[in-house]
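The next block holds one structure in the form of structure tokens; read it before the comments.
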Amino acid sequence: MILLSYPCGPVAANMIFVGADGAKTVAVIDPSDAALALAIIKEHGWTLSDILVTHRHFDHLLGVAGLKKTTGAKIYISETDADGLRSARASLASMAGETQEPVEPDVLLHDGDTFEAAGLHFRVLETPGHTAGGLSFVCDEQRCAFVGDTLFAGGYGRYDLSGGDYNTLSCSIKNVLFALPDDYRLYPGHEESTTVAEEKRSNPINFEGLWFD
């Protein structure tokens, strides 16, 4: 499996390129820098076929419009969070002082959807809480999942912005992501990857609200 991750954009979100082994066609997850993405694609001699967006926040999608315009790649996002592609207000780009070009998605996703992209089979999990329409993309054959800002190595996404909710986020992590097999590797929207087993063992969301004598 091709898997290359580049922290980029205004808050170092992970832009992740994925594809089948040896393929010249790739998908990109959460591209926040179109110029960098195009340079990487050119360097490797790839063709970009698909753009996957985990959630509506600007730091995960600022590069989407530019990549769509240049490559024609198909854009996937949840129906609930799709306004983040259309509106700088919905994505919080305007609040952060960032310029965002609007773009229309090609595919609106829902829980349980499956699709093929860049030679890989993706299964969609709805994992709201950081945003109302947050998604995780699971590749069962490769035993991994791309979880956006729902879960981090040793932490989890903030829930105090529009559409966020702590209880919903906790349920997404404990009931959805932690239901994946322990050996699945999780690729968050920021910082390093982790595993289901490690986060079930040590993530602070497991212990909040618990009191010990």
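Just so it is clear, none of the values below were taken in a lab; they were calculated from the coordinates. Quick caveat: nothing in here was measured; it's all calculated off a predicted structure. Counting neighbours? That spans all protein chains shown, and the Cβs are built from the backbone with ideal geometry, glycine included.
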Between the range 1-68 and the range 79-139, what is the separation of their alpha carbon centroids in Å? 14
So which lysines can Lys24 reach, going by Cα to Cα under 24 Å and dropping same-chain residues fewer than 8 places off? Lys42, Lys68, Lys69, Lys74
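Within a Cβ distance under 12 Å of Tyr6, other residues only, what is the Lys/Arg minus Asp/Glu net charge?
Working: positive: none; negative: Asp30, Asp33, Glu43.
Value of the local net charge: -3.
Output needed for the range 125-205: three equivalent-ellipsoid semi-axes, defined as square roots of 5 times the C-alpha gyration tensor eigenvalues, in descending order, whole Å.
Working: eigenvalues 70, 33, 24 Å².
Semi-axes from the Cα gyration tensor: 19, 13, 11 Å.
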On alpha carbon coordinates alone, what is the Rg over Rh value for the chain, Rh being the Kirkwood radius? 0.96
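Pairs of alpha-carbon atoms within less than 8 angstrom and 6+ residues apart define the contacts here; what relative contact order does the range 2-205 have, in percent? Before the final figure, lay out each step's value.
Numbers: 486 pairs, mean separation 32.4, N = 204.
Relative contact order of the range 2-205: 16 percent.
Once Rh for the range 102-164 is found with the Kirkwood sum over Cα pairs, what is the Stokes-Einstein diffusion coefficient at 4 °C and 1.567 mPa s, in µm²/s? Please report the intermediate quantities before stating the final value.
On the way: Rh = 12.8 Å.
The diffusion coefficient I find is 101 µm²/s.
Using only helices, what value at 222 nm comes out for the chain when you add -39,500 (n - 2.57) per DSSP H run of length 4 or more and divide by the total residues, to the nearest 500 deg cm²/dmol?
Details: 5 runs with 36 residues, N = 213.
It comes out at -4500 deg cm²/dmol, rounded to the nearest 500.
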Give the angle, between 0 and 90 degrees and rounded to the nearest 10, that separates the Cα long axis of helix 34-44 from the longest principal axis of the Cα atoms of the chain. 70
Neighbour-limited loop hits for trypsin sites (Lys or Arg not before Pro), the range 110-165 (at most 10 other Cβ within 10 Å; DSSP other than H, G, I, E, B): none
